[in-house]
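Scroll down for the structure; my scribbles are underneath it.
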Amino acid sequence: MGAEVVVKDEESITKLSTKSRFRYNSPLVQVSLIGLVCFCCPGMFNALSGMGGGGQVDRTATNNANTALYTTFAVFGILGGGIYNILGPHLTLAAGCSTYVLYAGSLLYYNNQPHQGFVIIAGALLGIGAGLLWACEGAIMTSYPPPNRKGTYISLFWSIFNMGGVIGGLVPFILNYHRNEAASVNDGTYIGFMCFMSAGTLLSFAILPPNRVVRDDGTRCTDVKYSSVSKEATEVLKLFTNWKMLLIVPAAWASNFFYTYQFNNVNAVLFNLRTRGLNNVFYWGAQMLGSIGIGYILDFSFQSRRMRGFVGISVVALLGSAIWGGGLANQLPYSHDRPQSEKLDFKDSSFAGPFVLYFSYGLLDAMFQSMVYWVIGALADDSQTLSRYSGFYKGVQSAGAAVAWQVDTHKVPFLSQLIVNWSLTTISYPLLVLLVMLAVKDDNKTEDEIVNEVPVPSSNKDINSTAIST
């Protein structure tokens with residue numbers, strides 16, 4: 001697709017594989033860059049959503065916008081992998097990132113003109129853009145790293161990405177610090193989010209295609225050839241009968257389903273405006289800790305890759321059961337019909353317990369999703385296959401989220417929402433264990449032995465004739 005970079009001599013090839021891992025075309029730098037893109041766009045969106053109602057006192061508009069968002073996300077999440085394989089990372093990411101700016105702008109408009117139509121349309125467009133962005137991100141995060149270090153790179157990405165939520169949580173906390181009784185955030189909050197999201201859109205052009213990324217051992221990530229619409233349509237349809245994807249469905253459905261309950265019915269219901277912003281700082285900060293911890297277990301705890309998978313799933317299952325049990329104890333005293341008499345402020349003596357629970361929810365979210373991404377990354381090595389798998393995961397995840405936002409809009413009891421969330425995550429653990437048992441091998445090859453690493457040529461004859469398409 002365009003210009004060609006010709007590798008002319010063996011010395012240049014040696015330099016590619018022996019230079020610092022901080023070189024521009026290394027997996028480390030490229031995964032860090034996609035982390036920064038997600039820091040600016042979905043990271044800031046998460047901070048905005050984490051306040052409950054997108055920072056608005058009336059959650060109806062944002063609940064409806066999120067339903068539209070996750071409905072289109074469900075479709076384009078599944079199609080996103082195929083679109084990425086056709087367009088490549090630059091166009092796919094830039095198109096996706098630009099929709100985040102539009103969504104934040106729609107909330108700025110709603111803050112001054114409370115008509116929800118624009119917000120809902122922007123939400124639907126964001127769902128399309130998010131499907132493209134996350135399919136591209138999933139392909140990069142799971143195919144660029146070396147097979148035996150995917151957990152480490154996933155935790156690196158997750159830490160950078162969730163730093164966006166940390167910084168994004170500080171924005172409303174600082175700008176609304178003296179408005180502890182205020183219901184909706186001020187205009188400056190939304191403008192700040194738009195600036196970050198615009199920067200992420202520009203940064204997306206720094207991402208290299210997979211055939212230009214060289215690992216430390218000299219292998220390229222994949223010998224990707226841009227696909228056709230007909231081929232991708234066929235491959236996407238096959239995902240719905242792929243037994244490995246079917247085993248991931250419960251985990252995918254659960255992995256964003258709990259956001260509605262945690263953001264709207266814990267953070268927004270229990271805490272005042274400025275404290276909700278502060279809570280988000282620690283919620284997304286906890287995600288950084290959770291991703292690092294589970295990443296270490298999944299890469300370094302045992303020599304056997306399958307054993308690392310079993311241990312990682314077991315740790316998340318045990319911790320998840322304990323955290324949701326704590327959530328149950330916290331939920332029992334209040335409901336729609338028995339609201340809390342006064343919203344908590346971070347200076348209140350009773351703040352600590354609910355705060356620790358909300359922090360723990362963030363910890364569990366990162367561990368759960370990092371674990372699922374690790375399993376997906378262990379099923380294949382080439383970016384085309386993994387972009388489709390990641391897109392399928394995000395599509396199902398978004399379908400669950402679309403349902404969850406409407407569940408909250410229809411005032412389903414808080415306790416019922418908690419029980420459904422706990423049940424969905426619990427069901428997913430044995431299915432993931434089964435998937436690891438049947439499809440993940442200890443020799444860094446998948447069940448289908450899909451390994452598409454392309455070694456860099458070593459002979460002068462090969463070197464002089466090698467062209468890398470850009």
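The values are calculated or read from the model by the stated rules, or taken from the named source; none is laboratory data. These figures come from a predicted structure and were not determined experimentally. Please note: Cβ atoms are built from the backbone with ideal geometry, for glycine as well, and neighbour counts cover all protein chains shown. Heads up: the accessible areas ignore ligands, DNA and RNA and are worked out on the full protein's heavy atoms, side chains in. Shrake-Rupley method; radii C 1.70, N 1.55, O 1.52, S 1.80 Å.
The range 189-258 and the range 76-114 have Cα centres lying 14 Å from one another. Extending 7 Å from the Cα toward the beta-carbon at both Ser341 and Asp187 defines two label points whose distance is 3.9 nm. Dipole of the range 227-442 (Lys/Arg Cβ +1, Asp/Glu Cβ -1, origin at the Cα centre): which of Gln406, Leu246, Tyr259 lies farthest to the positive side? The residue sitting farthest along the positive end of the dipole is Leu246. Label-to-label distance for Leu332 and Phe22 is 5.3 nm, based on points extended 7 Å past Cα in the beta-carbon direction.
Obtain the radius of gyration and the Kirkwood radius of the range 22-225 from its C-alpha atoms and give Rg over Rh. The partial results should precede the final answer.
Working: Rg = 17.6 Å, Rh = 17.4 Å.
Ratio of gyration radius to Kirkwood radius for the range 22-225: 1.02.
Out of every Cα-Cα pair in the range 227-442, what percent are more than 32 Å apart? The answer is 24 percent, as a whole percent. Fully extending the segment from His410 to Ala233, taken as 0.36 nm per residue of separation minus the present Cα-Cα distance, adds 60.2 nm. Principal axis extents of the C-alpha atoms in the range 344-443 (largest first, rounded to whole Å): 53, 30, 24. Carbon and sulfur together cover what percent of the accessible area of the range 22-225 at a 1.4 Å probe radius? So the carbon and sulfur contribution to the accessible surface is 70 percent. Average accessible surface for the range 112-199: 34 Å² per residue, computed with a 1.4 Å probe over protein heavy atoms with every protein chain in place.
Per-atom-type breakdown for the range 227-442 gives carbon and sulfur 70% of the accessible area (1.4 Å probe, protein chains only).
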